[in-house]
Amino acid sequence: MQQYDLIVVGGGIAGLGLAWAAAKEGQAVAVFDTNPRAEGASIRNFGMIWPIGQPAGPNRATALRSRQLWLELGQAAGFPVQQCGSLHLAHQEDEWAVLEEFANLPSAEGLDLQLVRSEEIKRLTPAANHDSLVGGLYSRTELRVTPSVAIRAITTYLATSCGVQFHFASPVVNVVPGEVTTARGKVVAGQRIVIATGAYFQYLFPQIHREEQLRVCKLQMMITEPQPSDWKLGPHLAGGLTLRHYPSFADCPTLPAYCQRITRQLPELDRFGIHVMASQAECGGLILGDSHEYGDDIEIRDKAEIEQLILQELRKIISVPNWNIARRWQGFYAKHPSQTSLVREVAPDVLVVNGFGGNGMTLALAVTESVQHHWEKATQGESLYGSH
Ligand SMILES: Cc1cc2nc3c(=O)[nH]c(=O)nc-3n(C[C@H](O)[C@H](O)[C@H](O)COP(=O)(O)OP(=O)(O)OC[C@H]3O[C@@H](n4cnc5c(N)ncnc54)[C@H](O)[C@@H]3O)c2cc1C
């Protein structure tokens with residue numbers, strides 16, 4: 001029986017990041033995924049590499065390292081990584097106040113930020129709605145990938161140029177140190193095993209995931225028909241509501257007052273965890289979202305109310321040539337209650353890498369790189385990941 005150096009369970013961005021990091025060290029790697037191709041959160045997202053959402057310190061540094069890795073990987077695997085930047089639009093004075101505070105915080109360090117007004121915003125994007133526009137915060141740091149294109153290109157690159165063996169349509173049903181078993185009863189040996197199963201974490205080491213209080217979150221998403229070919233969104237766009245969503249803005253003194261106003265005036269946005277963002281996919285369509293429903297609140301059927309609220313809030317901040325929705329989909333991710341990722345040794349040389357929440361495209365490549373580095377350095381028997 002062939003023995004791999006590393007077996008990865010899950011072919012999303014976390015699994016692929018691990019496979020890439022190990023393959024670069026010359027290791028023999030196999031990746032198993034339940035589906036005939038990756039179909040998890042990693043192909044259902046906005047494709048925003050979003051350092052501006054990460055608080056200053058280790059998380060921001062991780063996001064910036066991931067950014068570098070995306071540029072490297074895009075070049076190696078031959079998929080577009082656009083250095084599009086991001087633009088937060090303020091249509092209310094209290095949103096503008098938060099943006100100004102953020103731009104002037106010492107913690108804005110490491111981001112290339114500029115407060116912009118109407119004329120500059122017109123140069124950056126044709127989409128901003130200028131009725132009652134107060135200003136915006138432009139950041140040059142954010143990147144754009146089209147998730148389905150990127151994930152497929154990375155998979156092909158790892159298989160054809162790095163010797164990684166992919167086993168699709170192969171759910172792993174059991175993991176013990178040194179081997180995994182697939183649903184068809186095939187046993188495969190690996191010196192190290194990483195479980196990166198995203199929102200489907202309940203099936204392997206369920207007690208560990210319960211202890212960590214990982215929760216599933218459901219998001220409703222949509223994409224418009226392609227916009228006219230000469231119309232380009234420019235940077236990713238976000239509205240003031242997004243300031244409530246990412247922890248990087250938490251240090252802004254007037255943020256609590258802004259959040260309270262939204263809760264008072266638009267409680268339904270809090271109920272469904274709605275904030276609004278837009279990103280342009282390779283096909284020219286605009287990816288629009290999103291909402292957040294957790295745990296027992298999740299229903300299989302999408303709510304028309306959520307879609308209407310998202311579009312209503314988007315129409316307040318942007319005007320686009322074509323609002324026709326071409327497709328709708330749901331995304332699910334695993335969220336940790338207090339950490340931006342979960343890396344835990346659950347048995348000797350068996351790691352769970354999960355819990356990226358809404359930040360996996362932004363963080364996973366650097367987190368998985370550091371897992372590989374730590375693992376390389378680990379002496380036998382030494383636990384680096386806080387096994388319980
Ligand atoms: C709608 C939406 C929008 C988002 N937007 C962004 C964004 O713009 N920027 C950002 O940074 N992050 C974003 N995120 C978050 C990001 O997409 C996730 O954090 C990230 O994709 C998680 O990657 P993952 O590899 O952990 O999980 P996944 O991509 O879900 O991959 C897990 C894989 O494991 C496989 N699997 C599960 N169980 C088994 C098993 N037993 N055996 C074999 N295979 C198994 C699944 O089939 C799946 O392919 C968004 C998420 C969603 C849902």
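The values are calculated or read from the model by the stated rules, or taken from the named source; none is laboratory data. It should be emphasised that the depicted structure is a prediction, and the values quoted were computed from it without experimental measurement. All Cβ positions, glycine included, derive from the backbone under ideal geometry; neighbour counts span all protein chains shown.
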> Is one or more of the residues making up region 59-78 in a helix (DSSP H, G or I), more than 9 Å from the ligand (Cβ to nearest atom), assigned by TED's automatic domain parsing to the domain that holds residue 190 and closer than 21 Å to residue 165 by Cβ?
Replying inline: no
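One line per residue, one yes/no per condition, for (1) among the β-branched types (Val, Ile, Thr); (2) within 23 Å of the chain's Cα centre (by Cα):
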site: 155; (1), (2): yes, yes
site: 169; (1), (2): no, no
site: 176; (1), (2): yes, no
site: 180; (1), (2): yes, no
site: 183; (1), (2): no, no
site: 190; (1), (2): no, no
site: 194; (1), (2): yes, yes
site: 204; (1), (2): no, yes
>> If I go through region 160-183 residue by residue, how many of them are within 12 Å of the ligand (Cβ to nearest atom) and either at positive phi or without any contact (Cβ under 8 Å) to a residue 24 or more places away in the chain (or both)?
In response: 3
>> If I ask for residues that are more than 13 Å from the ligand (Cβ to nearest atom) and either modelled with pLDDT under 95 or part of a strand (DSSP E or B) (or both), which ones from region 284-299 would you list?
In response: 286, 295, 296, 297, 299
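In this structure, is residue 28 farther than 26 Å from residue 331 by Cβ, of a type outside the set (S, T, N, Q) and touching a residue at least 40 places away in the same chain (Cβ under 8 Å)?
Answer is yes for this residue.
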>> Being within 23 Å of residue 132 (Cα to Cα) and either touching a residue at least 60 places away in the same chain (Cβ under 8 Å) or more than 15 Å from the ligand (Cβ to nearest atom) (or both) is the requirement here; does residue 330 meet it?
In response: no
> So which residues in region 1-47 are in contact with a strand residue (DSSP E or B) (Cβ under 6 Å, 6 or more places away or on another chain), under 16 Å from residue 159 (Cβ atoms) and assigned to a helix (DSSP H, G or I)?
Replying inline: 15, 18, 19, 22, 23
